[in-house]
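**Q** Got a structure for you, written out below as structure tokens; questions coming shortly.
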Amino acid sequence: MKYIEGKNVRITDGFWKAKQELNRSTTMDAVWNRFSDTGRIAAFNFDWKEGMENKPHIFWDSDVAKWMEAAAYLIAEKYDADLEAKVEGLIDRIEENQGDDGYFNIYYTVCEPENRFAYRSCHELYCAGHLMEAAVAYFKATGKERFLKCMEKYADYIYKVFIVEKSAAFVTPGHQEIELALIRMYNATKNTRYLEMAEFFVEQRGNNEKDKPVTNDKIMKNNMYAQSHLPARKQKTAVGHAVRALYWYKAMADLAYEKNDEELADTCRELFTDIVNKKMYITGGVGSTHFGEAFTVDYDLPDETAYNETCASIAMIFFCKSMMKLENKTVYADIIEKELYNGMLSGLSLDGKAFFYENPLEINLRNHTRHTSVESLERLPITQRKEVFECSCCPPNINRTFATINEYIYGVDGDTLYVNQFMSSEADFEGVNVKQSTNYPVDGKVDLSFENAKTVKIRIPCWCDEYTVSCEFEVEENYIKVTNPRNIKIEFVMKPLLMYANSKVSSNVGKVALQYGPVVYCAESVDNIENLHSLYVDKNVNASVEYCGKCGMNKISLKGFKVKEAENLYYSGDMEFEDTTINFVPYSTFANRGESNMAVWFKTLR
Ligand code: FUB
Ligand code: ZN
């Protein structure tokens, strides 16, 4: 399936229109300003000297590149002179400071020129990849070739060093990213060298002696951390650093698509299934531990210490989109939807100015101060979003993802138009026109109208077991299929669902999480009592659902029970309960009203 992208698809109204406007009006500036304050923008002048503040960091190039990429999408959607001036200013600096040989990296030019391509774990190719993605986006947005030419020159230099001369100290990057970027370069330029390079970096990973870890390399000491323990095709379970893994799986899926490589596609299918069935939180969060920002073992999904980097959720969205290009299965769009409304969305504050890097599923404020007599070695995720992080990969990743949300809605395969996501929007592609109007995710009513479409397939979301369709239809592999469609009214009936975790998930077996449509809920102490652990949800769901203008989704109250406080620390006999109401808000909106205890999973009674 080919996604309808760029100017051919526009979000016209509703939840995501508001988020896209927030990104344009607020989040872009918030990230730019913090990147300016911290020296990331000035670093492009290449004039940092020892003793000055704001020493460039090895992957600052990538932070700014992601912001440039987002700016490109926004300029393409609606011209913005300020964004263009900022991007053009950065391109001036890139052009001025790029080596004659094509090399471009701020840190390794300004701070350690003697160590170019000396350390696998030091992100040069990762930065190159993000710059290439930005260059492709800017070229597509504006038709201007200057940035793309710089990155072609850099890619050609990388080809020389890594493939022709083999003179770098390593064969494949410690942090994947360049692989997927090279495929984008290939698609933009049609230069097959870039596809060859992507293939080289994918296939060589875990498949060469040179990348074996050196004994004093702490970060790379375990080959699994950077997915270098086995050749790509032999990897069947997701391991190691989650963002690295998922950027790479996306590249593998893209490569499988470009080369029509069924074996590689199969590997991607197995990796996807492994993650979704054994390693993903109900919110879509992936990479459950902060140790190595990594996947752990199957079903290890602790709530309070969950790492769930925002970038990992974003990378999962990218991977799913590439899988969907390979095969039109609703499961990929279901996971994209899960990430969009939960794991990814929680990364940004409602005011659009602050970010979570880690997205836990539980907060117990008391645990942040519980070690009163010793220096605590415990590490818990922060409880309030921040404007900038020393490692600030997530904020500009949000910028570029929000700017391209429209590109997840529609796809085309032959004469079939796919409706994968539910957002008020319109699209036109090769004479076919579609308009969609919906309040999703507030309710599940979707109105669609088509011109010149022969067949349309509309995803039935995985959470939905009851729906109505206003015209004749068939159901084919979780799609509502309509031929010669004109106007279709659908309702995917949304009701409060109590979701259970697999019995192997020791942290949550026997508990329930509340979901309404695609939105997962949490309860915060700001709306409830402090001791959320003493609250039990009534299994006979008795809910009241109310629209919340501030977050654009519903708030939900459920009838439940509260354990009556006992006098003694321990007691026998029956536990006593009193009736109560438990107030829930969308998980993605937690921590927007000051510090609060928070929980997603609750015990049940009755
Ligand atoms: O290392 C670059 C980025 O910073 C990674 O993708 C994130 O996990 C964070 O470590
Ligand atoms: Zn990140």
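**Q** Cβ-Cβ distance below 9 Å, separation of 6 or more or different chains: which pairs start in the stretch 308-328 with a residue that is under 19 Å from residue 360 (Cβ atoms) and within 16 Å of ligand 2 (Cβ to nearest atom) and end on one that is open to solvent by 30 Å² or more (accessible area, probe 1.4 Å) and outside any helix (DSSP H, G or I)?
**A** Short answer, once both residue conditions are applied: 309/290; 309/293; 311/293; 312/293.
**Q** Considering every residue within the stretch 334-342, establish whether at least one is within 16 Å of ligand 2 (Cβ to nearest atom) and either touching a Ser or Thr at 6+ places or on another chain (Cβ under 7 Å) or not in a loop (DSSP other than H, G, I, E, B) (or both). Walk me through how you get there before you give the answer.
**A** Restricting attention to the stretch 334-342, the residues satisfying the condition of being within 16 Å of ligand 2 (Cβ to nearest atom) are 339.
Then drop every residue that is not either touching a Ser or Thr at 6+ places or on another chain (Cβ under 7 Å) or not in a loop (DSSP other than H, G, I, E, B) (or both), which leaves 339.
Yes - at least one qualifying residue is present in the stretch 334-342.
**Q** Another question, then. It is to be established whether one or more residues within the stretch 369-378 are within 16 Å of ligand 1 (Cβ to nearest atom), of a type in the set (Lys, Arg), open to solvent by 10 Å² or more (accessible area, probe 1.4 Å) and modelled with pLDDT under 95. Spell out the reasoning first.
**A** To start, the set of residues in the stretch 369-378 that are within 16 Å of ligand 1 (Cβ to nearest atom) comprises none.
Within the stretch 369-378, none of the residues are within 16 Å of ligand 1 (Cβ to nearest atom), of a type in the set (Lys, Arg), open to solvent by 10 Å² or more (accessible area, probe 1.4 Å) and modelled with pLDDT under 95.
**Q** Looking at (1) at pLDDT 95 or above; (2) outside any helix (DSSP H, G or I); (3) of a type outside the set (Gly, Ala, Ser), which one does residue 390 not meet, given that it meets all the others?
**A** Status for residue 390: all satisfied but (1).
**Q** On to the next question. If the requirement is being touching a residue at least 60 places away in the same chain (Cβ under 8 Å) and either closer than 19 Å to residue 599 by Cα or aromatic (Phe, Trp, Tyr) (or both), which of these qualifies: 540, 502? Full working, then the answer.
**A** Working: 540 fails: either closer than 19 Å to residue 599 by Cα or aromatic (Phe, Trp, Tyr) (or both).
So the residue among 540, 502 that is touching a residue at least 60 places away in the same chain (Cβ under 8 Å) and either closer than 19 Å to residue 599 by Cα or aromatic (Phe, Trp, Tyr) (or both) is 502.
**Q** Restricting to strands (runs of 3 or more DSSP E) lying wholly in the stretch 404-479: which have 3 or more residues that are touching a helix residue (DSSP H, G or I) at 6+ places or on another chain (Cβ under 8 Å)? Full working, then the answer.
**A** Working: elements: 410-413, 416-419, 425-429, 432-438, 445-451, 455-459, 467-469, 474-476.
Hits in the stretch 404-479: 425-429.
**Q** Related question: Just wondering, is there one or more residues in the stretch 273-290 that are within 16 Å of ligand 2 (Cβ to nearest atom), open to solvent by 30 Å² or more (accessible area, probe 1.4 Å), out of contact with any strand residue (DSSP E or B) (no Cβ under 8 Å at 6 or more places or on another chain) and more than 20 Å from residue 181 (Cβ to Cβ)?
**A** For the stretch 273-290, residues within 16 Å of ligand 2 (Cβ to nearest atom), open to solvent by 30 Å² or more (accessible area, probe 1.4 Å), out of contact with any strand residue (DSSP E or B) (no Cβ under 8 Å at 6 or more places or on another chain) and more than 20 Å from residue 181 (Cβ to Cβ): present.
**Q** Would you check which residues across the stretch 471-505 are of a type outside the set (Lys, Arg) and open to solvent by 70 Å² or more (accessible area, probe 1.4 Å) and list them? Before you say what the answer is, go through the steps one by one.
**A** To start, the set of residues in the stretch 471-505 that are of a type outside the set (Lys, Arg) comprises 471-480, 482-485, 487-488, 490-494, 496-503, 505.
Across the stretch 471-505, the qualifying residues are 472, 473, 474, 475, 477, 478, 483, 484, 487, 500, 502, 503.
**Q** Restrict the check to the stretch 51-68 and report whether at least one residue is more than 16 Å from ligand 1 (Cβ to nearest atom), in contact (Cβ under 8 Å) with a residue 60 or more places away in the chain and buried (at least 19 other Cβ atoms within 10 Å of the Cβ).
**A** Let us first name the residues in the stretch 51-68 that are more than 16 Å from ligand 1 (Cβ to nearest atom), namely 51-55, 68.
With in contact (Cβ under 8 Å) with a residue 60 or more places away in the chain added as a condition, the list becomes 68.
Narrowing further to those that are buried (at least 19 other Cβ atoms within 10 Å of the Cβ): 68.
Within the stretch 51-68, one or more residues are more than 16 Å from ligand 1 (Cβ to nearest atom), in contact (Cβ under 8 Å) with a residue 60 or more places away in the chain and buried (at least 19 other Cβ atoms within 10 Å of the Cβ).
**Q** Oh, and also: Determine whether residue 438 is touching a residue at least 40 places away in the same chain (Cβ under 8 Å), closer than 26 Å to residue 18 by Cα and open to solvent by 10 Å² or more (accessible area, probe 1.4 Å). Explain how you work it out, then say what you get.
**A** Working: touching a residue at least 40 places away in the same chain (Cβ under 8 Å): yes; closer than 26 Å to residue 18 by Cα: yes; open to solvent by 10 Å² or more (accessible area, probe 1.4 Å): yes.
So residue 438 passes the test.
**Q** Within the stretch 59-78, is there a residue that is within 16 Å of ligand 2 (Cβ to nearest atom) and in a loop (DSSP other than H, G, I, E, B)?
**A** Within the stretch 59-78, one or more residues are within 16 Å of ligand 2 (Cβ to nearest atom) and in a loop (DSSP other than H, G, I, E, B).
**Q** Any idea which of (1) open to solvent by 10 Å² or more (accessible area, probe 1.4 Å); (2) part of a helix (DSSP H, G or I) is the one residue 99 doesn't satisfy?
**A** The single condition residue 99 does not satisfy is (2).
**Q** Within 16 Å of ligand 1 (Cβ to nearest atom), under 24 Å from residue 203 (Cα atoms) and buried (at least 24 other Cβ atoms within 10 Å of the Cβ): which single residue out of 316, 323 fits that description? It would help to see each step written out before you state the result.
**A** Details: 323 fails: within 16 Å of ligand 1 (Cβ to nearest atom).
Going through 316, 323 in turn, the sole match is 316.
**Q** How about the stretch 136-204: which helices (runs of 4 or more DSSP H) wholly inside it have at least 2 residues that are within 16 Å of ligand 1 (Cβ to nearest atom) and open to solvent by less than 10 Å² (accessible area, probe 1.4 Å)? Break it down into steps so the answer makes sense when it comes.
**A** Details: elements: 146-158, 178-189, 192-204.
Per the criteria, 178-189.
**Q** Let me ask something else about it. Can you work out which of the residues in the stretch 381-408 that are open to solvent by less than 30 Å² (accessible area, probe 1.4 Å) and among the hydrophobic types (A, V, I, L, M, F, W, C) is nearest to ligand 1 (Cβ to nearest atom)?
**A** 393
**Q** Of the numbered conditions (1) in contact with a helix residue (DSSP H, G or I) (Cβ under 9 Å, 6 or more places away or on another chain); (2) surrounded by 20 or more Cβ atoms within 10 Å (Cβ to Cβ); (3) outside any helix (DSSP H, G or I), residue 360 satisfies every one except a single condition; which is it?
**A** Checking residue 360 against (1) in contact with a helix residue (DSSP H, G or I) (Cβ under 9 Å, 6 or more places away or on another chain); (2) surrounded by 20 or more Cβ atoms within 10 Å (Cβ to Cβ); (3) outside any helix (DSSP H, G or I), the one that fails is (1).
**Q** Please go through the stretch 105-121 and pick out each residue that is surrounded by fewer than 23 Cβ atoms within 10 Å (Cβ to Cβ) and of a type outside the set (Lys, Arg).
**A** Kept after step one, since they are surrounded by fewer than 23 Cβ atoms within 10 Å (Cβ to Cβ), are these residues of the stretch 105-121: 107, 109-119, 121.
Once the filter is applied, which keeps residues that are surrounded by fewer than 23 Cβ atoms within 10 Å (Cβ to Cβ) and of a type outside the set (Lys, Arg), the stretch 105-121 yields 107, 109, 110, 111, 112, 113, 114, 115, 117, 118, 119, 121.
**Q** Kindly list the number of the only condition in (1) assigned to a loop (DSSP other than H, G, I, E, B); (2) open to solvent by 30 Å² or more (accessible area, probe 1.4 Å); (3) not β-branched (Val, Ile, Thr) that fails for residue 306.
**A** (2)
**Q** Separate question: Output the qualifying pairs, or none if there are none: Cβ atoms under 6 angstrom, residues six or more apart or on different chains, first residue in the stretch 387-406 and aromatic (Phe, Trp, Tyr), second residue within 16 Å of ligand 1 (Cβ to nearest atom) and open to solvent by 10 Å² or more (accessible area, probe 1.4 Å).
**A** Matching pairs, first to second residue: 389/357.
The values are calculated or read from the model by the stated rules, or taken from the named source; none is laboratory data. Treat the numbers as computed from the prediction; the structure is a model and nothing was measured. Cβ: placed from backbone, ideal geometry, glycine included. Neighbour counts: every protein chain shown. Just the protein is used for accessible areas: all its heavy atoms, side chains included, with ligands, DNA and RNA removed. Shrake-Rupley method; radii C 1.70, N 1.55, O 1.52, S 1.80 Å.
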